[in-house]
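Report on the structure given below.
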Amino acid sequence: MAPLSSAQILSGLERILGPQGVLTGEAGDLEPYLTDQRRLYHGRALAVARPRSVAEVTELLAFCNAQHISVVPQGGNTGYCGGATPDESGRQILVSLSRLNRIRQVDPLNYSLVAEAGCVLARIQRAADEALRFFPLSLGSEGTCQLGGNLSTNAGGIHVLRYGMMRDLVLGLEVALADGRLLSSLGTLRKDNTGYDVKSLFLGAEGTLGIITAASLKLFPKLRAFATAFSAVAEPGAAVALLARVREASGDRVSSFELIPRIAVDLTTRHIPGVRDPLDARHPWYVLCELTSSRAADPLEDLLEQSLAGALEEKLVLDAAVARNERDRAAFWKLRETIPEAQRLDGGSLKHDICVPVAAIADFIERGARWVADNVPEGRLVAYGHVGDGNLHFNLNQAPGADRAAFLGREGPVKRAIHDLVADFGGSFSAEHGIGRLKVEELERYAAPVELDLMRALKHALDPNGILNPGKVLRPA
Ligand code: FAD
Ligand code: MLT
Ligand code: ZN
């Protein structure tokens, strides 16, 4: 079979999606789709396909599969590993799910919500809230990232400690397969032990096994009581001890527990308008801890203050500010959520999204920080993150006066040393951001051979022509 010409491919796409559903480079309208969030990659695409219905997605895939044309799914394009960026060939079709964005059902009695892949996460949170329910996935990018991207990266964020990752929040899935068939598994059952859990394969698959078109999600009771504190600690070990204590004392009502180093307070107060240090004196480390409950009358503030008072007495905590109103709470969270942006504004950064057992975090930070101090004079450690679930963003930023290119040129050896250290701790080199294109070699290095074999077998079984996001997660066969 002779390959189709570009013109024939474009007319095939227009037949399926209509003229509004296909963008080509002519008007310069592809640009926003071709570069990843971190500007690590810049690709090309023959066209951007913008399906409006599930039928359009399945028809598009049947056409591309028959013609051996590669497709790259894209949601909000906020991913950190280049997974949604096409390669440089100019032959791939980028499939933007943005127009597939209906909320199909909110069922407060069943505590479930069904939404299409192109729904922006914040909209799903709002729809749940309007039904007096709560959808817990929450990330700094929630105003832009989309459900399909969240499912495909198995996103984490600030509530994993209590509610789990995206995978844990899914009841059912609807997926367009490479050959154009539709896996319709959108049930809202809590229990269903009927054979293999096929849908779970697509969660965290980063668009390499199918295109997710919709999902049914778990909802929880709407949160009506909050207690939030910004506390200073001398070192990360104290933060971990504080977490254990507050979990116990509060009846396990801790929903977020974020570690923040002094340098992140300096970066956010310097670069982000309106961010202020909540405490008077400078301290080496901080914890942003939040307790939540669906019962408005729950005395969370008392519980938190009692825990902090005991911890202050024992010098586990050095100082603390408790949010007295929603404005204080928003200010604490703004400081935390804008760390990535402040890092970006400050210069080049090398990011490591790692996870180690919670109990090992202090030891890991100590050894990692020592290695950075001894080996990377042109970088400064900015280690922060979701310490309540063992996930640290063990990032390095370019030191003042350092040459950006020289600093970024250290990426390979720095990554190797940090990820090897993570492996020593039995940890993960990608806790919540995925593999994409950026970490394919890391996966080959650290995954067990049997696991890689199984991944390749699944890829071949579900996408024998290798049209789905080739080169992401796994090297093309
Ligand atoms: P995209 O970037 O568009 O795509 C990501 C991957 O999913 C790609 O491989 C793409 O091909 C695939 N994909 C997208 N849609 C589909 C679909 N419908 N079917 C199949 N495959 C698809 N991540 C966290 O986990 N935790 C955080 O705390 C966090 N904080 C962040 C803060 C900021 C400021 C930013 C910019 C990013 C943050 N991220 C975080 C990373 C990112 O937002 C998440 O990975 C998010 O889930 C990506 O969603 P997206 O819609 O932008 O996906
Ligand atoms: C975060 O938790 O802020 C992000 O996952 C990390 C980042 O943006 O680098
Ligand atoms: Zn994170």
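Annotations
- Residue pairs meeting the criteria (Cβ under 6 Å; at least 6 apart or on separate chains; first charged (D, E, K, R), in the range 101-112; second open to solvent by less than 50 Å² (accessible area, probe 1.4 Å)): R102/E116; R104/V114
- When Y196 is tested against (1) open to solvent by 40 Å² or more (accessible area, probe 1.4 Å); (2) touching a strand residue (DSSP E or B) at 6+ places or on another chain (Cβ under 9 Å); (3) aromatic (F, W, Y), just one condition goes unmet, and that condition is (2).
- Check on G90, touching a residue at least 40 places away in the same chain (Cβ under 8 Å) and within 22 Å of the chain's Cα centre (by Cα): no
- Among the residues of the range 169-197, those identified as among the aliphatic types (A, V, I, L, M) and over 22 Å from the mean Cα position of the chain (by Cα) are A176, L177, A178, L182, L183, L186, L189.
- Those residues of the range 206-231 which are buried (at least 22 other Cβ atoms within 10 Å of the Cβ) and part of a strand (DSSP E or B), in sequence order: I211, I212, T213, A214, A215, S216, L217, A227, T228, A229, F230, S231
- The range 435-455, subset of a type in the set (D, E, K, R) and within 20 Å of N395 (Cβ to Cβ), residue surrounded by the most Cβ atoms within 10 Å (Cβ to Cβ): K439
- Listed conditions (1) touching a Gly at 6+ places or on another chain (Cβ under 8 Å); (2) open to solvent by less than 40 Å² (accessible area, probe 1.4 Å); (3) free of Cβ contacts under 8 Å to residues at least 40 places away in the same chain are all met by S185, apart from (2).
- Just one of (1) more than 16 Å from ligand 2 (Cβ to nearest atom); (2) modelled with pLDDT of 95 or more; (3) closer than 20 Å to G347 by Cα fails for A417. It is (3).
- Screening A122 against (1) surrounded by fewer than 22 Cβ atoms within 10 Å (Cβ to Cβ); (2) over 21 Å from the mean Cα position of the chain (by Cα) leaves a single unmet condition, (2).
- Within the range 143-160, the residues that satisfy the criterion of being near ligand 1 (Cβ under 9 Å from one of its atoms), assigned to a loop (DSSP other than H, G, I, E, B) and either under 23 Å from L186 (Cβ atoms) or out of contact with any Gly (no Cβ under 8 Å at 6 or more places or on another chain) (or both) are C145, N154, A155, G156, I158.
- Which listed residue is within 16 Å of ligand 3 (Cβ to nearest atom) and of a type outside the set (S, T, Y), from G195, G204: G204
- Each residue in the range 20-63 was checked for being open to solvent by 10 Å² or more (accessible area, probe 1.4 Å), of a type outside the set (A, V, I, L, M) and not in a loop (DSSP other than H, G, I, E, B), and 12 of them qualify.
- Residue pairs meeting the criteria (Cβ under 9 Å; at least 6 apart or on separate chains; first open to solvent by 40 Å² or more (accessible area, probe 1.4 Å), in the range 154-168; second near ligand 1 (Cβ under 8 Å from one of its atoms) and not aliphatic (A, V, I, L, M)): M165/N154; M165/G156; M165/G157; M165/E432; R167/N154
- Members of the range 125-142 found to be away from ligand 2 (no atom under 16 Å from the Cβ), part of a loop (DSSP other than H, G, I, E, B) and open to solvent by less than 30 Å² (accessible area, probe 1.4 Å), listed by number: A131, F135
- Residue selected from the range 376-434 under the condition basic (K, R) and either outside any helix (DSSP H, G or I) or within 16 Å of ligand 1 (Cβ to nearest atom) (or both), by the criterion surrounded by the fewest Cβ atoms within 10 Å (Cβ to Cβ): R410
- Condition check for G90: within 16 Å of ligand 2 (Cβ to nearest atom), open to solvent by less than 50 Å² (accessible area, probe 1.4 Å) and assigned to a loop (DSSP other than H, G, I, E, B): no
- Hits in the range 295-316 - residues which are open to solvent by less than 50 Å² (accessible area, probe 1.4 Å) and assigned to a loop (DSSP other than H, G, I, E, B): D298, L316
- Close contacts from the range 3-21, counting a first residue that is at positive phi and a second that is modelled with pLDDT of 95 or more and open to solvent by 70 Å² or more (accessible area, probe 1.4 Å), with Cβ to Cβ under 9 Å and a gap of 6+ residues or different chains, come to G18/R52.
- Residue in the range 349-357 that is in contact (Cβ under 8 Å) with a residue 24 or more places away in the chain, within 16 Å of ligand 3 (Cβ to nearest atom) and charged (D, E, K, R) present: yes
The values are calculated or read from the model by the stated rules, or taken from the named source; none is laboratory data. Owing to the predicted nature of the structure, the values given are computational and were not obtained by experimental measurement. Glycine also receives a Cβ, built like all others from the backbone with ideal geometry; neighbour counts cover every protein chain displayed. Please note that ligands, DNA and RNA were not included when accessible areas were found on the heavy atoms of the full protein model with its side chains. Shrake-Rupley method; radii C 1.70, N 1.55, O 1.52, S 1.80 Å.
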